[in-house]
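Notes follow once the structure below has been shown.
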Amino acid sequence: MTWSIQQVAKVSGVTARTLRYYDEIGLLRPARLGANGYRFYEREQLLRLQQILLLRELGMDLATIGGIVDDEDDPADALHRHHRRLLDERDRLDRLAATVAATIQHLKEGTDMAAENLFAAMTPERAAYLTGLPKKRSAAGVLFTDDLGRSLLVEPTYKPYWQLPGGVVDVDESPLAAAGRALSRELGLSITPGRLLVVDWVAASPNRIEGLLFVYDGATLSSDQSSAISLPPDELGRWAWCTDSELRERLPAHMFKRTRAALRARADGTTLYLENGSAA
């Protein structure tokens, strides 16, 4: 289904002028332009707009939002993280509301409220410290091979390149748990990843934000396991066993170097630290 810019403005509450501005700065491109120059949007753009508005509600600026939504590996993962942030914010407001309600009750009863309780959930120094701590994006992938030594890649429907199966690490989730969760969602396989092969720090760029990428050993898949792979059609178009030349062709340069390093680490029984895909 396709929506005009006026229809998107109506359902989202965002003005057409703002939508045009988002297009101008590269934050939200329309799916296509009509012959008359009108902008038209599809469900992918509406989901991206939802993410943008959620992050705006959390107080982020447009430049930061652009980096986050451009680097999202999976729409469902992105919404899950935003949902977690909203729940955390709700919990914080609930604690503040409970403190205010207790204060009102003590005032009505003419009783004294303990001094420490007056400021429950309101410690500005602690809040300022926690807010100021750096936040780092993390993602986890899994390296699988077949009997011929080829590596498994998946092709996202929302990216122009292939990648290892995996996903973004959620709030309060370990990279290993995130990798296992991604395998279940992306491949339909219930597999616990093996040992850590690679940690890769990736610098910020115009198309991504800075972060840490973890690659775990998925070992060799049997023919039965390969036959059982089931992809979510709205997220992944296809999967394939790839030779080294096919890895080079289908992966961005830093991902290709990371995957080659993971293969070496598996063969050598080591764990490698990389920066932008290369040994530091």
Using per-residue counts of other Cβ atoms within 10 Å, averaged over each peptide, order 135-148, 38-51, 201-214 from highest down. 135-148, 38-51, 201-214
Karplus (6.51, -1.76, 1.60) ³J(HN,Hα), θ = phi - 60°, over segment 2-13, in Hz, Gly and Pro reported as x: 10, 10, 6, 4, 5, 5, 5, 4, 5, 6, 9, x
Could you work out how much longer the chain between Gln50 and Ser190 gets when fully extended? Use 0.36 nm per residue separation minus the Cα distance between them, nm to one decimal. 47.3 nm
In the chain the accessible area split gives carbon plus sulfur, as whole percent at 1.4 Å, a share of 54 percent
Among rounded, prolate and oblate, which fits segment 29-77 when a ≥ b ≥ c are the square roots of the eigenvalues of its C-alpha gyration tensor, a/c under 1.5 means rounded, and a/b larger than b/c means prolate? prolate
Percent of all Cα-Cα pairs per 10 Å bin for the chain, counting from 0 up to the last occupied bin, reads 6, 23, 27, 21, 14, 6, 2, 0
The chain, Gaussian network, Cα under 10 Å: of Tyr216, Tyr21, Tyr158, the residue fluctuating most is Tyr21
Using a Förster radius of 22 Å, what is the FRET efficiency between Ser4 and Asp234 based on their Cβ-Cβ separation? Nearest 0.05, please. 0.45
Would you mind getting the Kirkwood hydrodynamic radius of segment 204-280 from its Cα pairs, rounded to one decimal in Å? 14.7 Å
What residues qualify as long-range amide H neighbours of Gly237, i.e. H under 5 Å apart, gap of 5 or more or another chain, H built at 1.01 Å from N? Glu155, Thr157
Percent relative contact order of the chain, based on C-alpha pairs within less than 8 angstrom and at least six residues apart? 16 percent
Helical contribution to [θ] at 222 nm, DSSP H n ≥ 4, -39,500 (n - 2.57), averaged over the chain, rounded to 500: -14500 deg cm²/dmol
About the Cα centre, and with charges only on the beta carbon of Lys, Arg (+1) and Asp, Glu (-1), how big is the dipole of segment 23-68? Nearest 20 debye, please. 160 debye
What spacing in nm lies between the two simple spin-label points modelled at Val171 and Ala97, each 7 Å away from Cα in the Cβ direction? 1.7 nm
Relative to the compact-globule scaling 2.2 N^0.38 Å, provide the ratio for the alpha-carbon radius of gyration of segment 1-105. 1.33
On a 0 to 90 degree scale, rounded to 10, what angle separates helix 75-109 from the longest Cα axis of the chain? 20 degrees
Give, in nm to one decimal, the length gained when the segment between Tyr158 and Arg29 is fully stretched (0.36 nm per residue of separation minus the Cα-Cα distance). 45.1 nm
So what's the angle, to the nearest 10 degrees on a 0 to 90 scale, between helix 43-57 and the longest Cα principal axis of the chain? 40 degrees
Where does the charge balance sit around Glu89 when Lys and Arg score +1, Asp and Glu -1, over other residues with C-beta under 14 Å from its C-beta? +3
Between the modelled labels at Glu57 and Ala203 (7 Å from Cα along Cα→Cβ) the distance in nm is 3.7 nm
From the phi angles alone, apply the Karplus equation (6.51, -1.76, 1.60; θ = phi - 60°) to segment 229-246 and give each ³J(HN,Hα) in whole Hz, x where the residue is Gly or Pro. 4, 9, 8, x, x, 7, 10, 10, x, 6, 10, 7, 7, 10, 6, 4, 5, 6
Note, ³J(HN,Hα) from phi for segment 176-185, Karplus 6.51, -1.76, 1.60, rounded to Hz, x at Gly and Pro: 5, 5, 5, 5, x, 5, 5, 5, 5, 6
Near Arg32, within a Cβ-to-Cβ distance under 11 Å, what is the net charge of the other residues, with Lys and Arg +1 and Asp and Glu -1? +1
For every other residue with a beta carbon closer than 9 angstrom to the beta carbon of Ala178, add +1 if it is Lys or Arg and -1 if Asp or Glu, then tell me the sum. -2
Leaving out ligands and nucleic acids, and using a 1.4 Å probe, what accessible area per residue does the chain come to in Å²? 55 Å²
Using the Kirkwood formula over every pair of different C-alpha atoms, what hydrodynamic radius in Å results for segment 148-280? 15.3 Å
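The values are calculated or read from the model by the stated rules, or taken from the named source; none is laboratory data. Just so it is clear, the structure is predicted and the values come from calculations on it, not from any experiment. No Cβ is skipped: glycine too gets one built from the backbone with ideal geometry, and neighbour counts run over all protein chains shown. We work out accessible area using only protein heavy atoms, side chains counted, and drop any ligands, DNA or RNA first. Shrake-Rupley method; radii C 1.70, N 1.55, O 1.52, S 1.80 Å.
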